[in-house]
Structures are given as structure tokens and as C-alpha cells.
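Since the structure comes first, as C-alpha cells, the remarks are kept for the end.
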Ligand code: M6R
């Protein structure tokens with residue numbers, strides 16, 4: 001959570017920092033702030049509660065001198081959103097200024113010691129102690145050594161960018177457990193929590209690893225490892241474009257990303273599906289092929305929407321690859337005593353590749369000798385780097401806080417993985433070919449669903465007033481019921497519950513009356529008839545019903561209040577289609593309720609705290 005950015009070069013820093021903050025804002029929007037430094041004017045700090053736009057309004061076009069600076073957009077952990085708790089934080093003498101993403105766990109004990117030494121604190125944050133510790137060490141040693149000494153005694157996680165009024169031509173950055181990427185421009189460097197804030201300036205980046213620190217001047221950047229040894233790190237050339245990170249005429253990133261799904265799914269499978277051989281070629285798993293042949297069990301770890309993708313993957317892998325699969329919330333994984341060994345593969349799914357719980361789960365799995373694989377969207381992210389092997393989603397940057405295109409690309413990767421592992425085992429050529437051929441058609445089928453956006457918007461209008469919705473699905477579409485419910489909660493703040501259709505009669509049905517509508521995913525698949533019984537039970541209680549059904553199903557029209565049709569496909573692929581109307585429903589519901597769908601309250605895109 002939180003986004004940090006630093007700039008040093010020849011251009012005016014303030015506008016570059018603000019523009020970068022806007023791209024990082026999905027990481028948190030409780031407050032924003034910046035500090036710009038110059039030899040002539042010293043340090044100027046400006047902060048504003050709320051979104052980056054408030055900070056921009058406060059600056060009001062004023063020309064701020066200084067070609068170096070740091071900035072932050074906050075997702076509050078310690079202390080309420082207010083000016084005092086906003087970053088950058090500073091020391092008693094106002095020499096050291098810094099921005100921080102992460103949590104300092106031993107801050108209280110360190111703060112008590114500093115207070116005894118006479119330090120005066122002005123915020124409730126854990127971060128402020130870092131500035132005071134550097135100040136304390138800086139009395140006896142230089143800036144860089146003071147930072148090093150500070151990093152040795154703080155416990156927790158950090159992505160840090162620090163400036164010092166006494167050394168205005170320098171930014172020091174450091175990382176432990178929170179992402180930090182260094183962009184290399186022409187006579188300028190830009191460092192940020194996320195590529196999205198860098199890509200406008202350069203596509204040449206260095207991914208800092210845990211324990212690394214960099215001292216950056218306009219001319220040079222020196223990187224040090226955890227032992228304070230200067231190291232040479234190669235730069236990576238990214239193929240993400242600025243255009244991919246912008247709205248391109250859509251009202252919101254979420255809508256743009258929903259509409260991008262035909263492309264993002266094509267990108268996920270491009271060059272990987274071999275229809276004629278019923279196979280999936282996965283470059284990232286090539287060297288692991290033999291190990292994967294011997295895998296006897298899979299444990300999937302992930303959070304939120306990525307967890308729901310894992311549940312769909314479980315059905316696919318069990319049915320077609322013949323492997324036992326368990327799906328765990330990453331945040332619960334460490335509390336389980338799950339049997340892991342070299343015949344177990346742990347698959348971590350993460351859009352951001354930085355989710356702290358998921359990262360902790362794969363570290364735990366590695367310790368226990370399991371093979372770790374990643375299904376990750378963000379290239380070069382920590383999870384992508386720390387897993388033994390993996391498959392990138394290639395969905396491009398996802399900016400809307402609610403995950404949409406990353407989810408369907410995760411499902412597409414599970415289809416590929418099912419083919420890869422299934423064909424290593426008992427899956428026949430014919431079955432492989434059928435799945436591959438149908439998968440290739442999915443992007444076109446999604447286009448057909450997207451054409452119904454207006455009709456879906458119209459349906460939404462009738463349901464905006466309800467405070468509760470029940471989402472139901474069975475087999476492959478049970479996880480989609482969970483995902484539909486999560487989307488509507490996140491985006492429209494409507495209370496929703498996702499349930500397996502068959503479980504409804506075991507409790508939730510007690511909630512149903514004329515004021516509690518249900519959305520049921522009922523494609524013409526192997527559990528269709530069973531779902532129909534569920535619909536009858538809902539109707540008998542006077543509940544309104546929206547059905548997501550397969551085109552051509554006339555029966556369903558008579559039984560439900562509204563029907564949104566999806567095209568016919570293989571049963572295992574239906575989740576790739578059925579989730580799309582649910583994404584649109586959540587989007588339009590949020591819009592009709594006048595909410596900020598790209599930045600729902602209390603959420604952040606990348607959850608880097610445990
Ligand atoms: O980046 P990740 O996929 O690891 O993120 C996991 C969840 O935090 C994420 O899916 C979250 O639930 C989204 N807001 C869902 O829309």
C-alpha cells in the first residue's frame with residue numbers, strides 16, 4: 001500500500017512528482033504530499049488530505065523551484081488521514097525528509113528512546129521515527145552511514161526515499177519487503193513503487209531487491225547490497241507503453257479494463273496455445289517440465305480476486321489434469337500445518353506480485369521444500385522474482401482498484417496450465433485440442449457480451465436501491481458467485497454474499513424476500529438442472545432473480561426477472577464469460593450510486609501489509 005516516488009535530474013521536480021503520484025494513487029488515497037529540494041531554496045513541503053487532486057489544488061499552478069524531490073500517496077495504517085500524518089515526514093531540525101511505504105513494527109520502542117533523548121514528534125505514524133533516527137546518527141556520521149545505521153535497527157518493511165537539506169543533490173532510497181523500481185532516464189533518475197509512475201520517462205529500469213539501497217545524484221546512481229557493498233545491476237527494458245497505462249477515452253480505468261478483456265486474454269494465450277497438438281507451450285515452465293511431471297499435488301495461495309481465480313483453477317486442474325488441488329487464502333496459509341514436500345507445487349497468483357500475504361506464503365512453502373510457481377501480471381515484481389518459475393499474465397497494467405482483466409487473464413493462464421499439466425498426464429490429444437480450440441474463441445465471445453453493456457446498465461438501474469444481493473453459482477461458477485459478490489461490495493458498497501447454489505437451502509435462504517434479490521449463474525452445463533431447482537426455491541420465497549444464462553436458453557426467461565445471456569462454450573471455460581456481466585453490473589451499480597469506482601473507499605490496489 002502507499003505509493004512513493006522520487007525524482008532527481010534537470011527538470012522541475014514538482015510537476016513530475018504530481019504526475020507520478022496520480023499514477024500511483026490506486027495504491028492509497030488517504031492523503032498525498034511532496035518535498036522538493038534545492039540548494040537555493042532549501043526544502044519546500046506541501047501536503048493535503050485526500051486525493052492527489054487536493055494536493056495539486058493546494059499548489060494551484062505555483063512554480064516550485066528544485067530539480068529533486070520525493071512524494072507519497074498514503075493508505076493509512078498508523079494514524080488517521082490528516083496533514084500531520086501525511087508524508088513526507090521530517091526530523092526535529094527539518095533537515096531530513098522522507099517518504100515510506102511499509103510498516104515499522106518496532107517503532108514504539110524506538111520512539112520512546114528517541115523521546116528520552118529529546119526528540120519531538122509531530123505525527124502518530126511509525127514512519128516519523130526513521131527521520132529522527134537518521135537525524136540522531138547524522139550528528140556523528142555522514143548522511144549515507146546514518147541511513148545505513150537506521151536501517152539496521154528498524155524492524156518491518158520499507159520502500160524509502162530520503163532527502164537531506166544539507167546534501168541537496170542526492171536522494172537515498174532503500175527497500176525491504178516493499179517494491180522499489182529505479183528508472184534510468186537521460187541525466188535523470190526516477191524511483192517509484194510501481195512502473196506506472198516511471199514509464200512516461202523511461203522504459204529502462206532496475207528492480208531493487210530486498211536489503212538493497214541506492215544513492216542517486218543527477219549524474220549517477222550507485223547501488224549497494226545488504227552488506228553495503230557497491231554492486232552492478234543490469235537494467236531491464238520494459239515493453240509497457242504509457243498508452244497502456246492511460247484511460248484512452250473511457251470514463252474510468254475499471255470500464256476500460258473490462259473492455260480490454262478480449263485483448264488481454266488474447267495476449268495471455270498468444271504463442272502459447274498449440275491447437276493442433278492440444279498443448280500449451282509455457283516458456284517460463286520449460287526448465288521445470290520434468291519436475292512438474294513428478295508433481296503429485298498442487299496448493300494454490302492467493303488473496304481476493306486472485307483467490308477466486310485459484311478456485312476456478314482447482315476445478316480445471318482436478319477435472320483435466322487429474323491432480324489433487326487445494327486453494328488457500330494466503331493470509332491463512334501459515335497457520336495451517338499443510339503437508340508440503342518436493343512433490344508439491346505451490347502456485348501463487350497475484351496481479352501485483354507484491355501482496356504481502358501471498359509473498360509470505362511462498363516463502364513459507366520454499367522453506368518446506370515445495371516447488372513454487374507464480375501466475376503474476378506485474379513483470380519483475382517480487383513474487384515473480386522469488387518463485388522458482390512462473391507464467392506472466394501479459395494483461396498489461398491494471399490501474400482500477402477492482403481487479404477485472406487481471407482476473408480473466410489468470411483464468412486463461414489456468415487453462416494453459418491445465419493443458420500443460422494435463423497433457424503430461426492422462427489428457428487425450430482430442431480433449432487437449434478441443435480445450436485449446438475453444439479457448440482461442442473466448443476473446444471473440446467476450447466481445448459479444450460487451451455489446452450488451454447498455455442492456456446491463458439498464459438492468460442495474462432497477463436494482464440500485466437494494467442493500468443486499470445474494471450471488472449463487474455451482475461447480476465452475478461457484479467461484480464466480482464469490483467474485484461477483486466481491487466486485488459489488490468493493491465498487492458499490494452493497495452488501496453481497498457469494499454462495500454455492502446448493503448451500504443456499506442450508507441457511508442463506510432465510511434472508512430471501514422481496515427486498516433481497518439474487519444473481520444466479522446458470523449456464524447450460526452439467527449442473528444446469530440442479531441450478532433450476534435453486535431458482536424455484538428462490539421464487540417460492542418471493543425473491544427477485546437475475547440469471548446469467550447460455551444464449552438460447554428460453555426456459556430460464558420464464559423463471560427469472562432478468563436474464564443476461566452469455567455465448568455457449570465448454571463448461572470449464574464458462575467462468576471466463578460469466579464473470580464479465582457481473583463486472584459490468586458492479587461498475588454500473590457503483591456509477592449509479594455516484595461512487596468513485598476506480599478508487600473505492602478504504603481499499604488499495606496493492607496490499608503490501610500483512
Ligand atoms: O495483486 P493481487 O492479485 O495479489 O491482489 C490480491 C487482492 O488484494 C485483490 O485481488 C483484491 O481483492 C482486489 N481489490 C479485487 O478486486
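Bear in mind these aren't lab numbers, they're just calculated from the coordinates by the rules spelled out. Note that the structure is predicted; figures quoted are calculated from it, not measured. Neighbour counts are summed over all protein chains in view; Cβ atoms, including those assigned to glycine, are modelled from backbone coordinates with ideal geometry.
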(Q) Please compute the volume of the convex hull spanned by the alpha-carbon atoms of the stretch 12-79 and report it per residue in Å³. (A) 77 Å³
Q: Work out the P(r) tail for the stretch 328-458: percent of alpha carbon pairs separated by more than 27 Å, whole number.
A: 31 percent
Q) So what is the relative contact order for the chain, in percent, with contacts set as C-alpha pairs under 8 Å and at least six apart? A) 12 percent
Q: Could you calculate the contour length gain from residue 457 to residue 54, that is, 0.36 nm times the residue separation minus the distance between their Cα atoms, to one decimal place in nm?
A: 142.0 nm
Q) Plugging the Kirkwood radius over Cα pairs into Stokes-Einstein for the stretch 244-449, at a temperature of 37 °C and a viscosity of 0.692 mPa s, what D comes out in µm²/s? A) 193 µm²/s
Q. Could you state the number of Å between the C-alpha centres of the stretch 35-82 and the stretch 153-192?
A. 16 Å
Q: Provide, as a two-decimal number, the C-alpha radius of gyration of the stretch 488-610 over 2.2 N^0.38 Å, N being how many residues it has.
A: 1.16
Q: For helix 128-138, report the angle its Cα long axis makes with the longest principal axis of the Cα atoms of the chain; keep it between 0 and 90° and round to the nearest 10°.
A: 30 degrees
**Q.** For peptides 126-138, 415-427, sequence by mean Cβ density within 10 Å, most packed first
**A.** 126-138, 415-427
Q. So what's the stretch 129-223 giving for Cα Rg divided by 2.2 N^0.38 Å, two decimals?
A. 1.08
Q: Place the peptides 333-342, 181-190 in order of packing, highest mean first, counting for every residue the other Cβ atoms within 10 Å and averaging per peptide.
A: 181-190, 333-342
Q) How many percent of DSSP beta bridges within the chain run antiparallel, rounded to 5? A) 60 percent
Q. When N is the residue count of the chain, what does its C-alpha Rg come to as a fraction of 2.2 N^0.38 Å?
A. 1.01
Q | Estimated [θ] at 222 nm from DSSP helical runs (n ≥ 4, -39500 (n - 2.57)) normalised by residues in the chain, nearest 500 | A | -10500 deg cm²/dmol
Q) By average Cβ neighbour count within 10 Å, what is the ranking of 164-173, 513-522 from highest down? A) 513-522, 164-173
Q.
Between helix 528-540 and the chain, what is the angle of the helix's C-alpha long axis to the longest principal axis, kept within 0 to 90° and rounded to the nearest 10?
A. 80 degrees
**Q.** Along principal axes, Cα extents of the stretch 3-238, largest first, whole Å
**A.** 46, 43, 34
Q. What is the stretch 395-547's relative contact order, in percent, from Cα pairs under 8 angstrom and six or more apart in sequence?
A. 18 percent
Q.
Taking only the Cα atoms of the stretch 259-316, how large is their convex hull per residue, in Å³?
A. 132 Å³
Q | Largest-first principal axis extents of the Cα set of the stretch 390-450 (Å) | A | 40, 30, 14
